[in-house]
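Please read the structure below before turning to the comments.
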Amino acid sequence: MDTIALEPERINTAVEGSDHNDDIFISEDAINAIIKVKAENDVPEDMYLRLGTSGGGCSGMNYIIGFDSQIADNDNTYTIRDHNIVIDKKSLFYLMGVTLDFVDSHEGSGFVFNSPFNEKVCGCNHG
């Protein structure tokens, strides 16, 4: 029996000048993993899933995922399937077009941020 791949959920960034390709995508596998992590760790329903970024030097952008109860003035909030998500405005720009996925393979399992903009090379001209 063939399995049908579901379209990822979309977060419309609503950034001026952006289009549907600039949405943030969350795969079905990631949503299921978030539900599982919340249940296994008794994460309160009022906690937000925080997505963010930080500079990563020559390795590119570092992506951040976690749970947070604090919402700051520079945060945007979204809801996908009754799950609250928070993204700070600076990170929002760097998350545009990114897909949050969850992989489970013989090499390990975990959340993965797939960006169409990141190259898998170092920019420091070493190695």
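Working from the Cα coordinates of the range 23-77, the gyration tensor eigenvalues give, after taking √(5λ), semi-axes of 22, 16, 11 Å in decreasing order.
Along its principal axes, the range 62-110 has C-alpha extents of 41, 24, 17 angstrom, given from the largest down.
Rule-based calculations on the coordinates, nothing more; no lab input. This one's a predicted model, so the numbers in the text were calculated from it and none came from an experiment.
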